[in-house]
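Written out below as structure tokens is the structure these notes cover.
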Amino acid sequence: MTNSFRTLDDVDMKGKRVLVRVDLNVPMDGDKVTDATRLERIASTITEISDKGGKVILLAHFGRPKGRDDKNSLKPVAAALADVIKKPVAFADDCVGDVAAKAVGAMKDGDILCLENTRFHSAEEKNDPAFVAELAKLGDIWVNDAFSAAHRAHASTEGLGHKLPAYAGRTMQAELDALGKALDAPTKPVIAIVGGAKVSSKIDLLENLVTKVDALVIGGGMANTFLHAQGVKVGKSLCEKDLAATALRIIDKAEASGCAIILPVDAIVAFHFAANTPSHAYGLDAIPDEGMILDVGPQSIERINAAIDDAATLVWNGPVGAFEMTPFDRGTVAGAKYAAARTKAKKLISVAGGGDTVAALNHAGVADDFSYISTAGGAFLEWMEGKPLPGVEVLKK
């Protein structure tokens, strides 16, 4: 897929000032980074540009500050990044103006500099042309390595692509390659597993997927809405009953597109929403009026695994049960382990994304066994919905 995008292979970086948009929005406890996954992902782009004699100037946001706020400074993140990439990372207290210009002006070939949080300026999120021009003064080329922010048309994520020669970094390139293999030009048959609490947050996603995949497994609280729409009594389960007509419309669209919808055939039911509360497997014709469906049952797990068996490509977003609480993680863990085993056996291309999904696959101990896991949340969802992402579109040749 990335042959339609400009990448680092298309540019000589020696002596160039390279503005690199990265994702430094990492979880913190005080000044300590608690999960360095995103820093590890961008390391290859930063070190490659540095090793080839480019001056690496990092642009990123952190949190949702309203103006300058020391709690959202990137300074401690820059220090953590230096530990990850084993190279010094200088820091400038602003991303535009004299402070930034002096810091960039002092750089030698191969140096790495992190500029302060772009969102300290409200003009960043407005994609203000004057702010874009200020940022552009600092660089000769722009590299976007932040797929996770590519659904935002902000100054540093999209605007710079109209002012400077624009290229995809290695993390962005890997993401675009993986996503291309998953939905845009996949090895068929393709199955999608979509879970999570609410249909309302994933209507666009479901509407797009049923036109692109051969089978769609629906789990989690969203499955209850589909079951209710088909006349199943779901007791006190999480269920958006007002979306019954939407669920039926999606089922009809799937049928017209030749996509099989796979819903639970049994469920693990409890009477309290709490970890390790007593629970029992029920058939769908016998869900107690006071009961809550909190996971798929054993027969449903077998159906999900059989669907994975039939697939050459799997796209996964969202857990199929309340995986944060034992024993309601069984369905998600079983499916994840089965998909991982098929992937390791070279029988499946597996791509997963979304915050809860990554947490669930880590919980199942199989995150490293999937073909690709996207750390992007909103951008991954919008890509699954079939929407163009501004930060990607601006990189096209």
Review point. Out of curiosity, is K75 open to solvent by 30 Å² or more (accessible area, probe 1.4 Å), within 17 Å of K32 (Cα to Cα), within 27 Å of the chain's Cα centre (by Cα) and modelled with pLDDT under 95?
Key: no
**Study point:** Candidate set from segment 194-204 (those that are in contact with an Asp or Glu (Cβ under 8 Å, 6 or more places away or on another chain) and surrounded by fewer than 21 Cβ atoms within 10 Å (Cβ to Cβ)); member that is nearest to P319 (Cα to Cα)
**Key:** K198
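Can you tell me which residues in segment 47-79 are in a helix (DSSP H, G or I) and in contact with a helix residue (DSSP H, G or I) (Cβ under 6 Å, 6 or more places away or on another chain)? Walk me through how you get there before you give the answer.
So in segment 47-79, the residues in a helix (DSSP H, G or I) come out as 47-51, 70-72, 75-79.
T47 - this is the single residue of segment 47-79 that is in a helix (DSSP H, G or I) and in contact with a helix residue (DSSP H, G or I) (Cβ under 6 Å, 6 or more places away or on another chain).
Give the residue, chosen from G110, G139, that is at positive phi, out of contact with any His (no Cβ under 9 Å at 6 or more places or on another chain) and in a loop (DSSP other than H, G, I, E, B). Quick ask: steps written out before the conclusion?
Numbers: G139 fails: at positive phi.
Only one candidate passes the filter, namely G110.
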Point to revise | Filtered residues of segment 179-193 (kept if crowded, with 21+ Cβ neighbours inside 10 Å and more than 17 Å from D310 (Cα to Cα)) | key: L179
Check your understanding: So which helices (runs of 4 or more DSSP H) stay within segment 298-376 end to end and still have 1 or more residues that are modelled with pLDDT under 95?
Key -> 355-364
Revision key, fill the gap. Condition set among the aliphatic types (A, V, I, L, M) and touching a Leu at 6+ places or on another chain (Cβ under 7 Å), scope segment 165-178, selection surrounded by the fewest Cβ atoms within 10 Å (Cβ to Cβ): answer is A166
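Residue-wise test of (1) out of contact with any helix residue (DSSP H, G or I) (no Cβ under 6 Å at 6 or more places or on another chain); (2) open to solvent by 60 Å² or more (accessible area, probe 1.4 Å).
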{"residue": "L294", "(1), (2)": "yes, no"}
{"residue": "L314", "(1), (2)": "no, no"}
{"residue": "E324", "(1), (2)": "yes, yes"}
{"residue": "A359", "(1), (2)": "yes, no"}
{"residue": "N362", "(1), (2)": "yes, yes"}
{"residue": "Y372", "(1), (2)": "no, no"}
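Could you tell me which of the residues A133, A82 is under 26 Å from the mean Cα position of the chain (by Cα) and surrounded by fewer than 18 Cβ atoms within 10 Å (Cβ to Cβ)?
After ruling out the rest, the residue left standing is A82.
Within segment 256-278, identify whether any single residue is of a type in the set (D, E) and over 29 Å from the mean Cα position of the chain (by Cα), and answer yes or no. Please lay out each step first, then the result.
Taking segment 256-278 first, the residues of a type in the set (D, E) are 266.
Imposing the further condition that a residue be over 29 Å from the mean Cα position of the chain (by Cα) reduces the set to 266.
Looking through segment 256-278, at least one residue is of a type in the set (D, E) and over 29 Å from the mean Cα position of the chain (by Cα).
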Check your understanding: Hey, does segment 88-102 have a residue that's more than 22 Å from R152 (Cα to Cα), buried (at least 23 other Cβ atoms within 10 Å of the Cβ) and in contact with a Ser or Thr (Cβ under 6 Å, 6 or more places away or on another chain)?
Key -> no
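One line per residue, one yes/no per condition, for (1) free of Cβ contacts under 8 Å to residues at least 60 places away in the same chain; (2) more than 21 Å from P189 (Cβ to Cβ); (3) not charged (D, E, K, R):
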position	(1), (2), (3)
E302	yes, no, no
L314	no, no, yes
A336	yes, no, yes
L348	yes, no, yes
G353	yes, no, yes
A376	no, yes, yes
P390	no, yes, yes
K396	no, yes, no
Check your understanding: Looking at (1) farther than 25 Å from T211 by Cα; (2) in contact with a helix residue (DSSP H, G or I) (Cβ under 7 Å, 6 or more places away or on another chain); (3) charged (D, E, K, R), which is the only condition D285 fails?
Key -> (2)
Exercise for review: Quick one: K337 ticks every box in (1) open to solvent by 20 Å² or more (accessible area, probe 1.4 Å); (2) touching a Leu at 6+ places or on another chain (Cβ under 9 Å) except a single one, so which number is it?
Suggested key: (2)
Practice item. Go over the candidates A254, A247 one by one and state the one that is crowded, with 20+ Cβ neighbours inside 10 Å, part of a helix (DSSP H, G or I) and in contact with a helix residue (DSSP H, G or I) (Cβ under 7 Å, 6 or more places away or on another chain). Key: A247
Review point. Could you say whether any residue in segment 96-103 is touching a helix residue (DSSP H, G or I) at 6+ places or on another chain (Cβ under 6 Å) and in contact (Cβ under 8 Å) with a residue 40 or more places away in the chain?
Key: yes
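Restricting attention to segment 205-234, report how many residues are open to solvent by 10 Å² or more (accessible area, probe 1.4 Å) and closer than 15 Å to P264 by Cα.
In the first step, residues of segment 205-234 are kept if they are open to solvent by 10 Å² or more (accessible area, probe 1.4 Å); the result is 207-208, 211-212, 214-215, 220-221, 228-233.
Next, from what is left, pick out any that are closer than 15 Å to P264 by Cα: 215, 220-221, 228-233.
Of the residues in segment 205-234, 9 are open to solvent by 10 Å² or more (accessible area, probe 1.4 Å) and closer than 15 Å to P264 by Cα.
The values are calculated or read from the model by the stated rules, or taken from the named source; none is laboratory data. Predicted model, so just to flag it, every value in this text is computed and none were measured. Quick reminder, even Gly has a Cβ in these numbers, built from the backbone with ideal geometry, and neighbours come from all protein chains shown. Side chains are part of the model used for accessible areas, which takes the heavy atoms of the whole protein and leaves out ligands, DNA and RNA. Shrake-Rupley method; radii C 1.70, N 1.55, O 1.52, S 1.80 Å.
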